[in-house]
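The values are calculated or read from the model by the stated rules, or taken from the named source; none is laboratory data. Note that the coordinates shown come from a computational prediction; the quantities given were computed from them, not determined experimentally. With ideal geometry, Cβ positions are generated from the backbone for all residues, glycine too; neighbour counts draw on all protein chains shown. For the accessible areas, the whole protein counts, side chains as well, though only heavy atoms, and no ligand, DNA or RNA atoms are used. Shrake-Rupley method; radii C 1.70, N 1.55, O 1.52, S 1.80 Å.
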Amino acid sequence: HPDDVAACLAVARIAAQREKLADSQRWLTKVVAERPDLLRAQAWLGRVLLRSGGPAACAAWEAALPANADDSPDIWFVRGDVARQNDQLRAAVRCYGETVRREPNHLAALYALARALRAAGQTQQAEPFLERARGMEQLANGARTYDIAGAPSAIEQAAATAQELGLAWECWAWYEVLASKR
């Protein structure tokens, strides 16, 4: 269904996974032309453009973003990657920081912000972001371990990690899963 946005996004994802960036770009361009309000699709298009053509390919994309693009952590993340590839560390730090401010558990942005801060010589400022990224990764690994093995110890670890990260709802949910297994 070439007129179905969800189908177009699925085809774009498959194309990107197969490194057929031109095909992915074509489908994403179609989606954002029809639905410029889909900020995740806009950000995804930016990532594909950056992968295929580098930072210069993103200038027209940035100029064409809708007015509410600044609301999207994913848009800020792409902007950070563009700035990093342009060796603009201060801009990258700002963009990655904005991503994390809007979505504190954005794993890739947490790592990218820590790397950019370290590259800018701000090692001490990078540590809290690196620690949170490690915690988020540990939480994801616990969830995967439980999904694969069904081990109660994985549930306990995921709940404890969620609590350490201040993710109260996730912590509660993991303890609910644990209680249902007993």
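Some values worked out for this structure:
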| read-out | value |
| --- | --- |
| Charge sum, other residues only, whose C-beta stays under 13 Å from W27's C-beta, Lys/Arg counted +1 and Asp/Glu -1 | +2 |
| Fluctuation leader among Q17, Q42, Q25 - the chain, Gaussian network, Cα springs under 10 angstrom | Q17 |
| For segment 96-113 and segment 14-75, distance of Cα centres in Å | 19 |
| Cα-based shape type of segment 78-132, given that a ≥ b ≥ c are square roots of the gyration tensor eigenvalues and the cut on a/c is 1.5 | oblate |
| Probe 1.4 Å - accessible area at T29, Å² to nearest ten | 70 |
| Karplus 3J(HN,Hα) series, Hz, for segment 21-30 with 6.51 cos²θ - 1.76 cosθ + 1.60 (x for Gly, Pro) | 5, 5, 5, 4, 4, 4, 5, 5, 4, 4 |
| Accessible-area value, I14, 1.4 Å probe, nucleic acids and ligands omitted, Å² | 80 |
| With every protein chain in place, the chain: carbon and sulfur % of accessible area (1.4 Å) | 53 |
| q = 0.14, 0.16, 0.26 Å⁻¹: log10 I(q)/I(0) that the Debye formula gives for segment 46-119, counting C-alpha atoms only | -0.38, -0.50, -1.21 |
| R51 - accessible surface, heavy atoms, 1.4 Å probe, Å² rounded to 10 | 120 |
| Listed residues Y96, Y146, Y111, most fluctuating in the chain (Gaussian network, C-alpha, under 10 Å) | Y146 |
| Extension gain from E62 to S153, taking 0.36 nm per residue of separation minus the Cα-Cα distance | 28.2 nm |
| Alpha carbon Rg of segment 1-107, scaled by the compact-globule rule 2.2 N^0.38 Å | 1.04 |
| Fluctuation leader among V32, V100, V78 - the chain, Gaussian network, Cα springs under 10 angstrom | V32 |
| Probe 1.4 Å, accessible area per residue of the chain, Å² | 56 |
| Neighbourhood charge, 14 Å Cβ-Cβ cut-off, centred on I75 and excluding it, Lys, Arg +1 and Asp, Glu -1 | -2 |
| For the chain, alpha-carbon Rg relative to the globular expectation (2.2 N^0.38 Å, N residues) | 1.19 |
| For segment 100-174, the Rg and Dmax computed from alpha carbons only, in angstrom | 13.8, 43 |
| D_trans [Stokes-Einstein, Kirkwood Rh over alpha-carbon pairs] for segment 1-41, 4 °C, 1.567 mPa s, µm² s⁻¹ | 131 |
| Order of exposure, largest accessible area first, which applies to L178, L9 with probe 1.4 Å | L9, L178 |
| Q17 versus R144: modelled label distance in nm, points set 7 Å from Cα along the beta carbon direction | 1.5 |
| Virtual spin-label span in nm between E103 and Q124, 7 Å along Cα→Cβ | 3.1 |
